[in-house]
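Trainee: Please read through the structure below; I'll follow up with questions.
The values are calculated or read from the model by the stated rules, or taken from the named source; none is laboratory data. Keep in mind that what you see is a predicted model, and the values were worked out from it rather than measured. All Cβ positions, even for glycine, are placed from backbone atoms using ideal geometry, and neighbour counts span all protein chains on display.
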Amino acid sequence: MAAVPQKHTKPEILVRKICHALGRRFRLHRRDLPGSPDLVFPKDRKAIFVHGCFWHRHGCRLTTTPKSNAEFWQEKFDRNRERDLQANVDLQYDGWEVLVIWQCETKDSELLVERLATFLTCNQVNESK
């Protein structure tokens, strides 16, 4: 499992391409923020996490549990979920808006574009009024 990449995964790269096509510029993996979000839009105080369904336990068909050493895996998955929740709470407490994109959601690119556009333009619409 050590060979599984943590950064620059296919779903993450797809989200980055869509955000770039929407004309948005971002920073990657800001380690000074809780949870080290995958994409950070500092000016808007928005952060996006691109989570793998297996590691972060989305609950879709990609969320399988290994049969061997099940107790170890369950503890590991529980810690991952707790860490994700704490990172979201900490970011929101610091005034950041957070969006989580799941690996399985990247399969429907039209819906993903719509979701990202809505998330990224939310403040811009409010500021122009």
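Trainee: In segment 85-104, which residues are free of Cβ contacts under 8 Å to residues at least 60 places away in the same chain, assigned to a helix (DSSP H, G or I) and surrounded by 12 or more Cβ atoms within 10 Å (Cβ to Cβ)?
Mentor: Within segment 85-104, Q86, A87, N88, V89, D90, L91, Q92, C104 meet the criteria.
Trainee: Of the conditions (1) surrounded by fewer than 13 Cβ atoms within 10 Å (Cβ to Cβ); (2) closer than 30 Å to H20 by Cα; (3) at pLDDT 95 or above, E82 fails just one. Which one is it?
Mentor: Of the numbered conditions (1) surrounded by fewer than 13 Cβ atoms within 10 Å (Cβ to Cβ); (2) closer than 30 Å to H20 by Cα; (3) at pLDDT 95 or above, the odd one out for E82 is (2).
Trainee: Please verify whether segment 59-79 includes one or more residues that are under 13 Å from the mean Cα position of the chain (by Cα) and in a helix (DSSP H, G or I).
Mentor: no
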